[in-house]
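The values are calculated or read from the model by the stated rules, or taken from the named source; none is laboratory data. Values in this document were obtained by computation on a predicted structure and should not be read as measured data. Positions of Cβ are backbone-derived with ideal geometry, glycine not excepted, and every protein chain shown enters the neighbour counts. Just so you know, the surface numbers come from the protein's heavy atoms only, side chains and all, with ligands and any DNA or RNA stripped out. Shrake-Rupley method; radii C 1.70, N 1.55, O 1.52, S 1.80 Å.
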Amino acid sequence: MDVKESISQYWDWRSQSYTNGSHGFEEEEKAVWKRELEPFLPGNRHKRVLDVGTGPGFMALILAEMGFDVTGVDISKGMVEKARENARAMGLQVDFRHADGEQLAFDDGSFDLLVNRHLLWTLPHPLDAVREWSRVLSGGGRILAIDGAWFDPSLNAQIRRGISRAVSKISLKSGPSIQSRFKKHYHSIKGDLPLYSHSQPERICNIFHEAGLSNISFRQLIEVQKLQDEKGSLLRRLEYHEPTFLVTGDVAKRGE
C-alpha cells in the first residue's frame, strides 16, 4: 500500500466519527472560529475560496456562512460524503470534490483564498503542495494554514501522549481504538511525511518562504485553544498541550 492510499483509507474510516471541531458544528465554536479568521479574510464576501483537506467541511461551511463562494476538496471519499451531508443539513451551498490536495485539477488563478486545517502534517510533499496552492490562486491571493504540533518529539510531549493513550486504552469498551487504527496506517509512513513530527509554525513559515510567498506570519489561536480546553476532555488537553496556530502568506501579484 502506498503512502496516499494508506492516508486515504485511514480518513475514510475516521469519517464515520470525525467532527473537525470540538463538538461538531455548535454555534459557539463557529463564532469563535469566525472571530479568529476575520482579520485575515478579504473584505469582499463574494470571493472564491478553496478549502484543501476539507474533511467533513468544518472550515468550508464556516466560510460559506460568512458569504464566501467555497469549494472543498479531500483525498478521502468518505470525508467528502460527510461534508456534503453536513452542507445539506445546514442548508449551505459548497462544491465538495474528491481530490488530491497536492495535485489540483483547477486552472491557474481559480481562487482568491486557500485555507486548510490540520493538513500539512499529513502531506508527503508539503513544499510542492504550497507551490500548487499558489498556482491556483489569483495574484495577491492568500493562503491560511491552520495546524498544531500534534506529534512533538520532545520528551515531555511523549510522556503526556503516553499517559493519555494508556488511560484511553484502559477505558476502551470494545472495537479498535482510534490510536491503534491510526498507528496501523501511519506508523510505516510517518518517515515519508516531513512535517509529521515537525509541524511547528516556524517550520511552516520557512516552507511558505521557499515556495515564494510574501507577507508571511503566524499567530497562536488562543481563543480557539481556550474553547477546545473547555469543551474537550482532560485526556485531550494532556495530549495536545501546544496551542493551535495559523500561518498566512500571500501570492505575488502577477507581473511582480
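Only a single item in (1) assigned to a helix (DSSP H, G or I); (2) within 20 Å of LEU119 (Cβ to Cβ) is not met by THR71, and it is number (1). When THR19 is tested against (1) open to solvent by 50 Å² or more (accessible area, probe 1.4 Å); (2) part of a strand (DSSP E or B); (3) of a type in the set (Ser, Thr, Tyr), only condition (2) is not met.
Figure legend. Inter-residue proximity from region 106-132: first residues part of a helix (DSSP H, G or I), second residues of a type in the set (Gly, Ala, Ser) and at pLDDT below 95, beta-carbon distance below 7 Å, spacing 6+ or different chains. Indicated pairs: LEU120/SER199; TRP121/SER199. Taken over region 29-56, the criterion of being open to solvent by 50 Å² or more (accessible area, probe 1.4 Å) and modelled with pLDDT under 90 is satisfied by GLY43, ASN44, ARG45, HIS46.
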